[in-house]
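Have a look at the structure below before the remarks.
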Amino acid sequence: MNFVYDDNNKYHRFGKTCLIVALSLIMFVEIWWILSLLANTNVFPNPAETFEALIDFINNGYSHQSSASIIWSSLSLFIEGFLLALVVAVPLGLFLGYSKGLNTFVTPMIEVLRPIAPIAWAPVFIYGINYSVGPILVVFIGIFFPLLTNIIFGVKKIDQSLIDAAKTLGANRTQVFVKVMVPSAIPYLMNGIKVGLGVGWMCIVAAEMYSPVSIGVGYCLSSMCQNSLWPSVFAILIVIAIMGILTTSVSEYLQKRIAKRMGIE
Amino acid sequence: MSAETIEEGKDFIVIDNIRKVYKKDDTETVAIDQFDLTIKKGELISLIGPSGCGKTTILRMIAGLLEPTEGTITIAGKECKEPGADRGVVFQDFALFPWRSVRKNVEFGMEVAGVPKDERRERADEYIELVGLGDFKNSKIQELSGGMKQRVGIARALVNHPDVILMDEPFGALDAQTRNIMQNQLVQILEKTEQTIIFITHSVDEALFLSDRVVILSKRPSRIKEIVEIPWERPRDRAGPEFTALRKRILEDLEKENVMFHH
Ligand SMILES: Nc1ncnc2c1ncn2[C@@H]1O[C@H](COP(=O)(O)OP(=O)(O)O)[C@@H](O)[C@H]1O
Ligand SMILES: [Mg+2]
């Protein structure tokens, strides 16, 4: 059979991408392996040892907790923080984008808070408030700012002629807001969610390290490090990476679908 | 006096001594000055003038999207202070809602007015058919060509039965051939609806082809240079001797003013 690569064929393109991704991952594992050989220390396990520890973690969990409950513990904190950020940032962003005066008033407050790394809040919230709400608030902070700035940006970027069109079709202020400004801002909201989810996932791991009551991946990580269970530590790092990739993939997929639906491609 | 009681051909829209000054920091731009015009019910009146002379400004003031600095604009005795569904607008850049289908775009005005769903759909479909987009009711806006988009814009304005439709260079973004097709279609639609239309253009040809009257504006600040009555039957022959002679005469007059026009 004579195979000729055709860049206009989506299956060919997909196949090519898969091949390159596979090569990249193989290369990654190879480099890891070589580095761990060179390092020659039990702090840096090779891929095989890590894989073994990963299987062990998946089957047996850690510290009397099943792997599913550990992952779910982190995931539920993550979801709660995310929902909280959504509930606060969406209306706030819409109003701040809508009202110039309000925006000018609130912007300085936001700009003072924004540069503080979300992880810096972790000990403050966790020791200062409590162990269960603290980590949620850390995730909240991480997701809140990218979400808010994207929504404000989206509302500001609204095509003025769409608003004029709505008004001349008889829409009142509320209808302009609900039927024009909100839909226009949705693709930007999705972009904010995409960025926010990435940051949020980093926050949850960091926050859990401070929280002795939530037995999530962050807790496992610090506990395993303290007990020198290095292959398990690397296995957890892989779990964290996969969870992060999954959340961003899902949000990227949703973002594309919604952008298409909203007519912005 | 209400819009319904005014007969066709009677004074309907009265623009009375309008002045519009744009102020920004220290600069003042007088866009319109001492502008008077009376528009009859059921007429298609074109405003033609050089770019930047204030045509859009006049239209936006009638639409209620902009407030005059001085003077008043009334429709059937009612002052146009705010935008409303009684004055439909067709925009040069279409201004369609990209997240709504063709039908949902046309339904927008009825939706905000609280028209029940079935009636909304029925009326929207009727006007989508009227503009020749029957096969595209559920299409997305991005799937349409420029000419089709503007037909959606026209259907969206017509379906609300406004007192007047304001069109700001509606075919300006279209290629020459599509523009001719759209002009012909607009003439056909007009015969079915008796709609009052204020039409802005910078094409003498387009103005002569469509209008009952053509208002020729001077450079900024806009004054009315001349109003030309065009009593000819429609559809008009662009190549006919009357048509070409009048076009030539108007273009020459405008050139004397040293103003560039598109043909
Ligand atoms: N928002 C605005 N602020 C300041 N000047 C404006 C504004 N809109 C229009 N103008 C000025 O008013 C004049 C008339 O503009 P416009 O009504 O858009 O003209 P036309 O539609 O005939 O091309 C132009 O000189 C333009 O620069
Ligand atoms: Mg203009």
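Listed values, structure above:
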{"item": "Segment B:161-183, residues that are farther than 23 Å from B:R123 by Cβ and either open to solvent by less than 10 Å² (accessible area, probe 1.4 Å) or under 15 Å from the mean Cα position of the chain (by Cα) (or both)", "result": "B:D168, B:E169, B:F171, B:G172, B:A173, B:R179, B:Q183"}
{"item": "Residue match in segment B:27-36 (condition: open to solvent by 60 Å² or more (accessible area, probe 1.4 Å), assigned to a loop (DSSP other than H, G, I, E, B), more than 15 Å from ligand 1 (Cβ to nearest atom) and touching a residue at least 40 places away in the same chain (Cβ under 8 Å))", "result": "no"}
{"item": "Some residue of segment A:246-259 being within 19 Å of A:V43 (Cα to Cα), assigned by TED's automatic domain parsing to the domain that holds A:L77 and open to solvent by 60 Å² or more (accessible area, probe 1.4 Å)", "result": "no"}
{"item": "Top-ranked residue of segment B:52-86 - restricted to ones that are more than 14 Å from every other protein chain (Cβ to nearest Cβ) and part of a loop (DSSP other than H, G, I, E, B), ranked as nearest to the chain's Cα centre (by Cα)", "result": "B:G54"}
{"item": "Qualifying residue in segment A:66-82 (condition: part of a loop (DSSP other than H, G, I, E, B) and either within 27 Å of A:P118 (Cβ to Cβ) or hydrophobic (A, V, I, L, M, F, W, C) (or both))", "result": "no"}
{"item": "Segment B:93-102: number of residues that are surrounded by fewer than 20 Cβ atoms within 10 Å (Cβ to Cβ) and either more than 8 Å from chain A (Cβ to nearest Cβ) or outside any loop (DSSP other than H, G, I, E, B) (or both)", "result": "1"}
{"item": "Which listed residue, of B:Q150, B:Q142, B:Q183, is among the polar types (S, T, N, Q), farther than 25 Å from B:I75 by Cα and within 16 Å of ligand 2 (Cβ to nearest atom)", "result": "B:Q150"}
{"item": "Given (1) within 14 Å of chain B (Cβ to nearest Cβ); (2) more than 15 Å from A:L94 (Cα to Cα), number of the condition A:Q226 does not satisfy", "result": "(1)"}
{"item": "Count - residues of segment B:103-118 that are under 24 Å from the mean Cα position of the chain (by Cα) and either farther than 26 Å from B:K41 by Cβ or facing another protein chain (nearest Cβ under 8 Å) (or both)", "result": "9"}
{"item": "Top-ranked residue in segment A:134-180 [being more than 9 Å from chain B (Cβ to nearest Cβ) and among the small types (G, A, S); ranked as farthest from A:L75 (Cα to Cα)]", "result": "A:G154"}
{"item": "Residue within segment B:119-132 that is in a loop (DSSP other than H, G, I, E, B), more than 12 Å from chain A (Cβ to nearest Cβ), out of contact with any His (no Cβ under 6 Å at 6 or more places or on another chain) and crowded, with 20+ Cβ neighbours inside 10 Å present", "result": "yes"}
{"item": "Matching option when the condition is away from every other protein chain (no Cβ under 14 Å) and either more than 16 Å from ligand 1 (Cβ to nearest atom) or touching a Leu at 6+ places or on another chain (Cβ under 8 Å) (or both), among B:L166, B:L246", "result": "B:L246"}
{"item": "Tally of residues being buried (at least 22 other Cβ atoms within 10 Å of the Cβ) and within 11 Å of chain A (Cβ to nearest Cβ) across segment B:133-160", "result": "5"}
{"item": "Residue check for B:L166: within 27 Å of B:I75 (Cα to Cα) and within 16 Å of ligand 2 (Cβ to nearest atom)", "result": "yes"}
{"item": "Residues satisfying the stated conditions in segment B:194-208, i.e. in a strand (DSSP E or B) and open to solvent by 10 Å² or more (accessible area, probe 1.4 Å)", "result": "B:S203"}
{"item": "Residues within segment B:207-245 that are basic (K, R), closer than 26 Å to B:A31 by Cβ and away from ligand 2 (no atom under 16 Å from the Cβ), tallied", "result": "3"}
{"item": "Any hit, segment B:215-233, residues being assigned to a loop (DSSP other than H, G, I, E, B), at pLDDT 90 or above and polar (S, T, N, Q)", "result": "no"}
{"item": "Any chance A:F145 is in contact (Cβ under 8 Å) with a residue 60 or more places away in the chain and touching a Pro at 6+ places or on another chain (Cβ under 9 Å)", "result": "no"}
{"item": "Flag if A:I238 is assigned to a helix (DSSP H, G or I), β-branched (V, I, T), surrounded by fewer than 20 Cβ atoms within 10 Å (Cβ to Cβ) and within 11 Å of chain B (Cβ to nearest Cβ)", "result": "no"}
{"item": "Test result for B:G71, away from ligand 2 (no atom under 16 Å from the Cβ), in contact with a Leu (Cβ under 6 Å, 6 or more places away or on another chain) and free of Cβ contacts under 8 Å to residues at least 60 places away in the same chain", "result": "no"}
{"item": "Residues of segment B:37-48 classified as open to solvent by 20 Å² or more (accessible area, probe 1.4 Å) and either among the acidic types (D, E) or within 12 Å of ligand 1 (Cβ to nearest atom) (or both), total", "result": "0"}
{"item": "Near pairs, Cβ below 6 angstrom, 6+ apart or cross-chain, from segment B:154-173 (among the hydrophobic types (A, V, I, L, M, F, W, C)) to any residue that is part of a loop (DSSP other than H, G, I, E, B) and more than 15 Å from ligand 1 (Cβ to nearest atom)", "result": "B:I154/B:V131; B:A155/B:V131; B:I165/B:Q195"}
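For every residue, the table says whether it meets (1) open to solvent by less than 10 Å² (accessible area, probe 1.4 Å); (2) within 16 Å of ligand 1 (Cβ to nearest atom); (3) not aromatic (F, W, Y).
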{"site": "B:P50", "(1), (2), (3)": "no, yes, yes"}
{"site": "B:C53", "(1), (2), (3)": "yes, yes, yes"}
{"site": "B:T56", "(1), (2), (3)": "no, yes, yes"}
{"site": "B:A63", "(1), (2), (3)": "yes, yes, yes"}
{"site": "B:G71", "(1), (2), (3)": "no, yes, yes"}
{"site": "B:G77", "(1), (2), (3)": "no, no, yes"}
{"site": "B:F91", "(1), (2), (3)": "no, yes, no"}
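The values are calculated or read from the model by the stated rules, or taken from the named source; none is laboratory data. Here the structure is a predicted model, which is why all the values come from computation and not from measurement. Please note: Cβ atoms are built from the backbone with ideal geometry, for glycine as well, and neighbour counts cover all protein chains shown. Surface accessibility is based on the protein's heavy atoms, side chains included, excluding ligands, DNA and RNA. Shrake-Rupley method; radii C 1.70, N 1.55, O 1.52, S 1.80 Å.
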